Amino acid sequence: MSALVMIDAGGANLGSVCAAFARLGIEPEVSRDPARIAAAAKLVLPGVGAAAPVMRTLREHGLDAQLRESNTPLLGICIGMQVLFNRSEEGDVEGLGLLAGDVCKLPASPGLRLPHMGWNHLQRRRPSPLLEGIADGAQAYFVHSYAVVGSSDAILETTHGSGFAAAVARGTVAGVQFHPERSAALGARFLKNFLDWQPA
């Protein structure tokens, strides 16, 4: 059994996420092989860009159905988090449906830059072992134009014009809209918490 498998859905941040885990002493296996993914103790689904190509790659390898049936702890990062939900407004793409809700474009307003890029504060919304050692109000690094608003699964939220989910968790499924691999000590702590996570 591989301790950690990084699902290769074509995300440009695969290398930097692998490097972030390597700094924690874990060398992830990168794979699209359903058998290797089924044997993992933990799964990470990174993604940068848009939901459509990520979902297309998952479907082409039969991984969409596999992930819907899996009980292995799964962490989605950025686009990897967005495809955990029912649908993305970006290209009207059906997601994995592991979490309830839709991904919508962040609203534009005068003086508000899109994409949302840079450091922003995190507000706790629900307790979670994934947040151990992470202070309310700490900052993480974001790069995105789409987000999930009003999710009942949000454990962290951020505001950029309006509030949206910065991190979510339900059952064995978790996701972060921010980039832990680019979020310094906070990102490293979140990834360590995921490695230690034992969902009920």
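The values are calculated or read from the model by the stated rules, or taken from the named source; none is laboratory data. For clarity, every value in this text was computed on a predicted model and none was experimentally measured. Here the Cβ positions follow ideal geometry from the backbone for every residue, glycine too, while neighbour counts run over all protein chains shown. Accessible surface areas use protein heavy atoms only, side chains included; no ligands, DNA or RNA. Shrake-Rupley method; radii C 1.70, N 1.55, O 1.52, S 1.80 Å.
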_Condition met for Ala65 (open to solvent by 10 Å² or more (accessible area, probe 1.4 Å), in contact (Cβ under 8 Å) with a residue 12 or more places away in the chain and among the aliphatic types (A, V, I, L, M))_ = no
*Working only within segment 34-56, note down all residues that are in contact (Cβ under 8 Å) with a residue 12 or more places away in the chain, within 21 Å of Asn71 (Cα to Cα) and open to solvent by 10 Å² or more (accessible area, probe 1.4 Å).*
Pro34, Arg36, Ala38, Ala39, Ala41, Lys42
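Taking the stated definitions as given, is Val30 in a strand (DSSP E or B), open to solvent by 20 Å² or more (accessible area, probe 1.4 Å) and in contact (Cβ under 8 Å) with a residue 24 or more places away in the chain?
In short, yes.
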*Being of a type outside the set (Gly, Ala, Ser), under 20 Å from Gly150 (Cβ atoms) and either touching a Lys or Arg at 6+ places or on another chain (Cβ under 7 Å) or modelled with pLDDT of 95 or more (or both), is that true of even one residue in segment 62-74?*
no
*Please work out if Gly91 is at pLDDT 95 or above, farther than 17 Å from Ala169 by Cα, in a loop (DSSP other than H, G, I, E, B) and over 17 Å from the mean Cα position of the chain (by Cα).*
no
*All but one of (1) more than 17 Å from the chain's Cα centre (by Cα); (2) at pLDDT 95 or above; (3) hydrophobic (A, V, I, L, M, F, W, C) hold for Leu130; which doesn't?*
(1)
*Output for segment 33-74, where each listed residue is within 13 Å of the chain's Cα centre (by Cα) and assigned to a helix (DSSP H, G or I)*: Ala51, Val54
*Please determine, by comparing only the residues of segment 119-164 that are small (Gly, Ala, Ser) and open to solvent by less than 10 Å² (accessible area, probe 1.4 Å), which one is farthest from Asn86 (Cα to Cα).*
Ala140
